[in-house]
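Note sheet for the following structure.
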Amino acid sequence: MKLLESEARWLSDFLNEVEKRFPGTVEEVSIYGSKAREDSKPESDLDVLLIVNSDSGGLKSLIRDAGYLLAADGNAVPSIVAYTRDEWDNRKESGSGFRASVEQDAVRVL
């Protein structure tokens, strides 16, 4: 997987911020889509999948907001989706095309 320097920096900052503000809540982080497949274009965003251990207190939204705030300088354009482990497992059981597509090219980074 090849990321632009600004994307790699954002990803590192994001993972550090999440661990600092929400320790132990994120089980998994993967990059999927064109960046993971290495067929991105200059205007491509950075597709990020988070699996969290719960959504108590609106955790998923808080984590996404933290990521978008870090990207406010505009040098990295993330698209962040978050699921609890149960939600993600249910997508597999339901035959979700989205989950199948993500699993096909995802690169796990945490």
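Any read-out appearing in this document is the output of simple, stated calculations on the displayed coordinates, not a laboratory observation. Bear in mind that the values here come from a model prediction, so they are computed numbers and not experimental data. Note that we place each Cβ from the backbone using ideal geometry, even for glycine, and neighbour counts take in every protein chain shown.
Most exposed first by the Cβ proxy, i.e. fewest other Cβ within 10 Å, how do Val77, Val29 rank?
Listed from fewest to most nearby Cβ atoms, that is Val77, Val29.
Take a quick pass over segment 5-108 and tell me how many lysine pairs come in under 24 angstrom between Cα atoms, counting only ones 8 or more apart or on separate chains.
Eligible lysine pairs with Cα atoms under 24 Å apart amount to 4.
Under a Cβ-only charge scheme (Lys and Arg +1, Asp and Glu -1), can you give me the dipole magnitude of the chain about the Cα centre, in debye to the nearest 20? Please list the in-between numbers first.
On the way: 14 positive and 21 negative charges, 12 e Å.
Using only the charged Cβ atoms, the result is roughly 60 debye.
Please arrange Lys60, Lys20, Lys41 by how many other C-beta atoms lie within 10 Å of their C-beta, fewest to most. If you can, show how the numbers build up before the last one.
Numbers: Lys60 20, Lys20 9, Lys41 6.
Least crowded to most crowded, the residues run Lys41, Lys20, Lys60.
Give me the distance in nm between label points sitting 7 Å out from Cα along the Cα-to-Cβ direction at Ser6 and Val77, one decimal.
1.0 nm
Where in segment 89-108 does the label zone of Ser44 land, with the point 7 angstrom along Cα→C-beta and an amide N cut-off under 20 Å?
Residues passing the 20 Å test: 98-108.
Would you please report the Å³ per residue occupied by the convex hull of the alpha carbon atoms in the chain?
Hull volume normalised by residue count: 91 Å³.
Give the long-range amide H neighbours of Glu27: residues separated by 5 or more places, or on another chain, with amide H under 5 Å away, using H modelled in the peptide plane at 1.01 Å from N.
Here the answer is Ile51, Val52, Asn53, since their amide H atoms fall under 5 Å of that of Glu27.
Within segment 82-110, what residues put their amide N at less than 12 Å from the label point 7 Å along the Cα-to-Cβ vector of Phe22?
82-85
Ser34 to Asp65: extension gain in nm, 0.36 nm per residue of separation minus the Cα-Cα distance?
8.9 nm
Sorting Arg21, Arg91 on the 10 Å Cβ count, fewest up front, what's the list?
Taking fewest neighbouring Cβ atoms as first place, the list is Arg21, Arg91.
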